[in-house]
Amino acid sequence: MSCGAPGARCVSNKPIVYPEKTDFAGIVQVLNASNLDFILIGGIAAIAHGTATSTYDVDVVYARDRANIQRLVTALAPHHPYLRGAPPGLPFRWDEQTVRMGLNFTLLTTLGHLDVLGEVAGGGDYEALLPYTEFIHIFDLECRCVTLERLIVLKRAASRPKDFLAVAELEALLEERNKRKGQ
């Protein structure tokens, strides 16, 4: 018995509906509520630092220890993660073994687009990036976020045209911040 279009993902014979727009606050709230060790990076970090950047997903670097992977899998399971860009119907199991055997996942969830990254160019893994973070308030939550200075490094290392555009805005923001601090 089919629950919809060929290759549709279903739960209890009902199709899973993936939104066109990402619920940024919802994703961050789910991750935060799970006590997950994660660092906000990417466009959402740029926004948290005050840029007018637009973004379509939430990017996080997560700690890869066994307990944290378990928290990540448990937190996202109710939101039916699936590989973004994968052909419909491609088998994908979101579980601890998948995360342990993988590293970086670009996901589509019922809350929208989420990239969970075990390592990131220019920053390394969670532990390597940790000294370059600060706690910020976003969506009425306190979250660990990459510093503005390190975000610039990460954007440069990504070497994508959209990141080079973002670097100019981030550097201007950093310059303004430093002027206000009297540096």
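Below, the figures for the structure above:
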{"read-out": "Hz values of 3J(HN,Hα) by residue in the range 21-29 - Karplus curve (6.51, -1.76, 1.60), Gly and Pro given as x", "value": "10, 7, 8, 4, 4, x, 5, 4, 5"}
{"read-out": "Computed E for Q29/Q97 - FRET, C-beta separation, R0 22 angstrom, nearest 0.05", "value": "0.25"}
{"read-out": "In degrees, nearest ten, helix 161-180 long axis to first principal axis of the chain (Cα)", "value": "40"}
{"read-out": "Straight-distance crosslink candidates among lysines, where the alpha carbon sits under 25 Å from K162 and sequence neighbours closer than 8 are dropped", "value": "K21"}
{"read-out": "Gyration tensor verdict on the range 44-96 (Cα atoms; rounded if a/c is under 1.5, prolate if a/b is larger than b/c, oblate otherwise)", "value": "oblate"}
{"read-out": "Length-normalised contact order for the chain - Cα pairs under 8 Å, 6+ apart - percent", "value": "24"}
{"read-out": "Positive-end residue, the range 19-180 charge dipole about Cα centroid, Cβ charges, pick of L90, L103, C143", "value": "L90"}
{"read-out": "Residue-by-residue Karplus 3J(HN,Hα) for the range 59-70, coefficients 6.51, -1.76, 1.60, Hz, glycine and proline x", "value": "10, 9, 9, 10, 6, 9, 6, 4, 5, 5, 4, 4"}
{"read-out": "Dipole magnitude of the chain about its Cα centre (Cβ charges: Lys, Arg +1; Asp, Glu -1), debye to nearest 20", "value": "260"}
{"read-out": "Cβ crowding within 10 Å averaged over residues, with 171-177, 113-119 ranked highest first", "value": "113-119, 171-177"}
{"read-out": "Long-range amide H partners of L107 with built H, under 5 Å", "value": "R84, L114, D115, V116"}
{"read-out": "Packing-based order for 33-45, 75-87, using average beta carbon neighbours within 10 Å, highest first", "value": "33-45, 75-87"}
{"read-out": "Sequence-distant residues sharing a close amide H with T147 (under 5 Å, placed H)", "value": "T133, E134"}
{"read-out": "Stokes-Einstein translational diffusion, the chain - Kirkwood Rh over all Cα pairs, 1.567 mPa s, 4 °C, in µm²/s", "value": "75"}
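FYI, it's all coordinate maths here, none of it is from the lab. Not measured: the values here are computed from a predicted model. Glycine also receives a Cβ, built like all others from the backbone with ideal geometry; neighbour counts cover every protein chain displayed.
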